[in-house]
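Since every read-out is calculated from the coordinates, none of them should be taken as a lab result. Being a predicted model, the structure only gives us computed values, none of them experimental. Glycine gets a Cβ as well: all are built from the backbone with ideal geometry, and neighbour counts include every protein chain shown.
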Amino acid sequence: MFGIMASQITGHLSTNSYESIATLSGTGSSGVISFTSIPSTYKHLQLRYIARDTRSTSGGNTIYLTVNGDSSTNYSTHDIEANGASVAAGAETNGTRVNFGVVTSANDGANMYGVGILDILDYQNVNKNKTFRWLSGFDTNGAGLLRFISGAWYNPSTAINRIDLNATSGNWTTASQFALYGIKGA
C-alpha cells in the first residue's frame, strides 16, 4: 500500500541527488581501502559499505578513517553502541583517526558482514572543520552490535580529497565492497 502511495508523489523529489564516484572491493591482501582524487563538485559525500576482515577473532572489529593522509592529532570521535544486552558510550579527542564503523571477521559465520553508512558534511568548505556521522552494525545470528559515531577533522582550511579506510588488523576480504557517492547541494 505504501509503495503505491509513495509512487504517486510528485513535486520535490529528486532522483539524481546522489552520484556514484567510485566503488572499491577488498583484495584479501590489504587492510586499506583508499578513495583518492575525490572531485570537488559536490556539497557532501556519503560512503556505504558491506565488509568483513580476515582477522581470526569474532566480529565487532573497528574500521579507522583518515583523510588526506593526515595521521596527526586532528580528529575527535563520540560514539554510542549497543549489543542487545548493554549500551556503552565513549569519546576521544586529539585522535590520529576517526574510530568508526564495525565489521565482522573470518571467525564469524559464512556470509555474515558488517554494514554502514558514513556521511561527510561540507567536505569542500575551507572555512570550518569537517564533520562525520556514521551508522554501522552487524548481526551474527543473534549476537551483534549497532554503533552510531559522530566525528570531526580539525583542519578547516583544507578540503577533503582522499579517504582511507583501515581494518583494525588483517585484510579486507575480496567480497567486501565500499562505495563513495557525491551529494549535490541546493
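Relative contact order, percent, of the range 17-183 when contacts are C-alpha pairs under 8 Å separated by at least 6 residues?
Details: 498 pairs, mean separation 69.4, N = 167.
Averaging sequence separation for qualifying contacts and normalising by length gives 42 percent for the range 17-183.
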Quiz prompt | Rounded Å value of the spacing that divides the Cα centres of the range 110-144 and the range 66-80 | solution = 14 Å
Self-check item: Mean ellipticity per residue at 222 nm, deg cm²/dmol - from DSSP H runs of n ≥ 4 across the chain, formula -39500 (n - 2.57)
Solution: -500 deg cm²/dmol
Quiz prompt | Protection proxy ranking of 21-34, 79-92 - average other beta-carbon atoms within 10 Å, highest first | solution = 21-34, 79-92
Quiz item: Put a dot 7 Å past each Cα toward the Cβ at Ser34 and Glu92; how far apart are the dots in nm?
Solution: 2.1 nm
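How much length, in nm to one decimal, is gained on full extension between Ser20 and Ala179, taken as 0.36 nm per residue of separation minus their Cα-Cα distance? Before the final figure, lay out each step's value.
Working: separation 159, 0.36 × 159 = 57.24 nm, distance 0.75 nm.
Going from the current span to full extension adds 56.5 nm.
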